[in-house]
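The structure appears below as C-alpha cells.
The values are calculated or read from the model by the stated rules, or taken from the named source; none is laboratory data. As the structure is a computational prediction, the values presented were derived from the model and not from experiment. Counting neighbours? That spans all protein chains shown, and the Cβs are built from the backbone with ideal geometry, glycine included.
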Amino acid sequence: MGITVKSEYAFKILLSIGGCGELTSLTKVSQGANVPKEFAEKIVLQLRKAGIVKARRGRKGGYELAKDPSQITAYDIVTAVDELDKIVKCDPDICNCDDRESCVIKNMIWDRLMSCIKETLMSVTLRDLLAACGREDT
C-alpha cells in the first residue's frame, strides 16, 4: 500500500501554496508543485471544499491556505482528496468467498494497520512538511 498520486499531488500543491506566503495563481501553483494544471484545478477544488485552502477572485486573486499550516494535518489532506476508509477490505457479512477465516484474519490486521496509518497522518502537520522541505511559510 502506498500514497495515491492524487494525495501526493495534494501535498505538493499545499507545499507550493504554503511555501509562498501570498496569494498564488493556479498556474504558479501547478508549476511550483510540478502537477499538471488540469489535475491541480480539481485537487484545489477538493482542498477548498475541505476548508484547507481559500480562493480570491480577480486580477490579484489566487489561492492561499485557509488556516495556519500547524492546524492542517496530513490526515486532513489525504481525506480531502481520497477516501482512506474505502480501500478494498473484505466484509465477512457480504463476502462471496468460501474462506471466511481469511476475511476475518485480513480484517483484524487491516483494522490495526488503518489505526496506525490514521494516527501517523494525524501527527504530521503541513508546517512539519514545509520545514522538512525547506519551504517554511512566510
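Here are the numbers for the structure shown:
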{"quantity": "Residues of region 29-55 that turn out to be among the hydrophobic types (A, V, I, L, M, F, W, C) and touching a Lys or Arg at 6+ places or on another chain (Cβ under 7 Å), as a count", "calculated": "4"}
{"quantity": "Selected residue (only one of Ala33, Ala40 is at pLDDT 95 or above and surrounded by 12 or more Cβ atoms within 10 Å (Cβ to Cβ))", "calculated": "Ala40"}
{"quantity": "Residue that is nearest to Arg135 (Cα to Cα) [pool: residues in region 1-39 that are of a type outside the set (Val, Ile, Thr) and not in a helix (DSSP H, G or I)]", "calculated": "Gly21"}
{"quantity": "Total residues in region 104-138, condition touching a strand residue (DSSP E or B) at 6+ places or on another chain (Cβ under 9 Å) and of a type in the set (Gly, Ala, Ser)", "calculated": "1"}
{"quantity": "Of all residues making up region 44-69, the number that are among the aliphatic types (A, V, I, L, M), surrounded by 14 or more Cβ atoms within 10 Å (Cβ to Cβ) and outside any loop (DSSP other than H, G, I, E, B)", "calculated": "5"}
